[in-house]
Amino acid sequence: MSILANEKADRERFQRLNIENVIGLALLAPSGYDDRRLRPTLYEHQSQTIDATVEAVSRTAHTLQLSLFVHNFGHKIEAVIFRPKPYMLRQFIVDERYYLYGKIECAGGRCQMTHPQKVTSVGAMTPRYKTALRTDVMGRLVARHITQKALSEAGLPEKVITLVMKIHFPSDEPLYRSGEGYTQEALYALKFSELFDYMQRLRQKRHHFTALHQLSGAWEAWSKTLPFTLTPEQLTTIGDIKDDLLKETAARRMIVGDVGSGKTMVILAAVMMARPHRSILMAPTTILANQLFEEAHKHLPSIRVVLVTNKTKKKQSLDEYDLIVGTHALLYRDLPEAALVMIDEQHRFGTAQRNRLEKLIASEQKRPHLLQFSATPIPRTQAMIDSAHIDVSLITQTPFKKDITTDIIHKADFPALMEHIKAEVALQHQVLLVYPLVEQSEALNYQSIEEARSFWETRFEEVYVTHGKDKAKEQVLLDFREKGNILLATTVVEVGISLPRLSTVVIVGAERLGLSTLHQLRGRVSRTGLKGYCYLFTNQDGSERLDAFTTTDNGFDIAQLDLRFRQSGDLLTGKSQSGKRFLWVDMAEDEAVVKEVKSYIEEKIER
């Protein structure tokens, strides 16, 4: 039963609160409580209710002072109202008895309540809400909709429902401490509810299509011909894909691997599994597509492979090939049926582009299996949440351990940096300098590429320059790979070309970049086992973020750190990649709750 099917007024209130269901309402927890209980003990520094008889009233120029006998305490206190309004002067009558509410402070043996408010009823904890609705309107809305039955129908477990009910309808001991906020058990219930609702709605966004073909091609014999052994996580991921491709439902899987984790071999194993049917692989740049094409040619000698870019003749037939590798140029071709579609660096393509590639090959209601690959590691918490929308495999290991030294450097370290660069160039190693800007800016206290290039060009040979707006950037990167010593660039090199001789990356203004971007840039170095160096150049005296980055080279740990320092975006709404997604959940800290919610949802599905 949908809560929003109720009366029109409540539907409008839900819209004003920007919520969709009863769990959304439950997550708008009270900002505090007014304690209307009559307790026998005086609690300093807290607002509380008293049953008091007025024994005396006096006025000064700016105050109204009361002498009160408090029946629930059994002794006297004072009360004061500063700058009383005229009507307040007639509110308190000697010998009359009132319920009063306010904060009591004690000093020198005297206790005083400041600005006492008259209360008409006592005996309960009254929630206060800070929402788009008045507290009384919000309270009535909560009373109508947050019930044991409604929360149970929404799918929450009993232990969470019990806690949510206590949050909105507090008993003698509320799950809230004045000045401290909610207790750990209350926060647990709110986090569980928020994650459950979010992941359930993600599941509803998931589309299920019948696969064009169930795929059962063999890959094991092929893997034994490779000149290296696949890592355990590569094998686990290949096993996940094998299980997917055997199903009648079209696969939807995201494979997330760290830089250099060997995703290409997983791609090629999937091609073998798709045989005798065709596969299509789309990459975001010509350079990356070309590299994948070369790897397929090298490791799949029995497979007919073709490369499709903007330069490929449109009249060329693709029907005779087993694997079609291409850039977004594939979106503008007549493509033959393919049982498997793969997208590398999927985040570089828009959702519309990814969907278009699938639909080009779809047959009526049937779709190809879809595998998406990303070299941008995500935290385990993110992977577990995303799994409600799409199946996720993580490859956290690399086939060989990189030896990269990461250091934070400042202006005083520049002479030593120059000596290091000269030594590396003398060894025919390459150096990458990443600048924050192409042209000079008064807003940023760092050199731009254009300001710096003459310095490097007069001191070194074979200095290359490129950036995001450079239409020839792919050719520049190819030329640099073959002949260059030093490359000046923006973060355009974050993802893409393999540079076997690159030993050093210097990132200027490193504090301006997210840790995941820094990790991607560092990942350009030491791709073939060279001793690597990553220098983070900053004008800042100290940075907790950069210090943390230098302590680990594991992309998934870095993604977790990145979460702690700047929150991620939202799968449901597609909103910005920074800013807080959840009201209660902390993605960097709440992995255990995410895991529990995921298990609970899976158990519900199995039942």
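The values are calculated or read from the model by the stated rules, or taken from the named source; none is laboratory data. Since this is a predicted model, take the numbers as computed values, not measurements. So basically every Cβ, Gly included, is an ideal-geometry build from the backbone, and we count neighbours across all protein chains shown.
For the reader, a short list of remarks on this structure follows.
- Filtered by the rule that a residue be β-branched (Val, Ile, Thr), free of Cβ contacts under 8 Å to residues at least 40 places away in the same chain and touching a Cys at 6+ places or on another chain (Cβ under 9 Å), the stretch 71-108 gives a lone residue, 77.
- Failed item, numbered, when residue 438 is tested on (1) part of a strand (DSSP E or B); (2) touching a His at 6+ places or on another chain (Cβ under 8 Å): (1)
- In the set (1) under 27 Å from the mean Cα position of the chain (by Cα); (2) more than 30 Å from residue 555 (Cα to Cα), the condition left unmet by residue 365 is number (1).
- Residue in the stretch 329-350 that is buried (at least 19 other Cβ atoms within 10 Å of the Cβ), assigned to a strand (DSSP E or B) and of a type outside the set (A, V, I, L, M) present: no
- All positions within the stretch 169-207 that are within 16 Å of residue 24 (Cα to Cα) and touching a His at 6+ places or on another chain (Cβ under 6 Å): 202
- Count of residues meeting criterion [out of contact with any Ser or Thr (no Cβ under 9 Å at 6 or more places or on another chain) and among the acidic types (Asp, Glu)] in the stretch 590-605: 3
- Screening 7, 44, 55 for residues that are of a type in the set (D, E, K, R), exposed (fewer than 13 other Cβ atoms within 10 Å of the Cβ) and touching a Leu at 6+ places or on another chain (Cβ under 7 Å) leaves exactly one candidate, 55.
- Matching residues, the stretch 465-486, being in a strand (DSSP E or B) and either at pLDDT 95 or above or out of contact with any strand residue (DSSP E or B) (no Cβ under 6 Å at 6 or more places or on another chain) (or both): 486
- Residue 63 vs. criteria surrounded by 11 or more Cβ atoms within 10 Å (Cβ to Cβ), free of Cβ contacts under 8 Å to residues at least 24 places away in the same chain and touching a strand residue (DSSP E or B) at 6+ places or on another chain (Cβ under 7 Å): yes
- Which numbered condition residue 316 misses (of (1) closer than 27 Å to residue 248 by Cα; (2) modelled with pLDDT of 80 or more): (1)
- Of the listed requirements (1) of a type outside the set (Lys, Arg); (2) without any contact (Cβ under 8 Å) to a residue 60 or more places away in the chain; (3) on the phi < 0 side of the Ramachandran plot, residue 385 misses just one: (2).
- With respect to the conditions (1) assigned to a helix (DSSP H, G or I); (2) of a type in the set (A, V, I, L, M); (3) surrounded by fewer than 22 Cβ atoms within 10 Å (Cβ to Cβ), residue 530 falls short on a single one, namely (1).
- Test: residue in the stretch 299-315 that is surrounded by 10 or more Cβ atoms within 10 Å (Cβ to Cβ), in the same structural domain as residue 273 (by TED's automatic domain parsing) and in a helix (DSSP H, G or I): yes
- With respect to being at negative phi, crowded, with 18+ Cβ neighbours inside 10 Å and either out of contact with any Phe, Trp or Tyr (no Cβ under 9 Å at 6 or more places or on another chain) or not in a helix (DSSP H, G or I) (or both), residue 163 falls outside the description.
- Residue in the stretch 356-369 that is under 20 Å from residue 210 (Cα atoms), part of a loop (DSSP other than H, G, I, E, B) and among the acidic types (Asp, Glu) present: yes
- Some residue of the stretch 529-538 being without any contact (Cβ under 8 Å) to a residue 24 or more places away in the chain and in contact with a Pro (Cβ under 9 Å, 6 or more places away or on another chain): no
- Against the test of being in contact with a helix residue (DSSP H, G or I) (Cβ under 8 Å, 6 or more places away or on another chain), surrounded by 21 or more Cβ atoms within 10 Å (Cβ to Cβ) and aliphatic (A, V, I, L, M), the options 287, 280 yield a single qualifying residue, 280.
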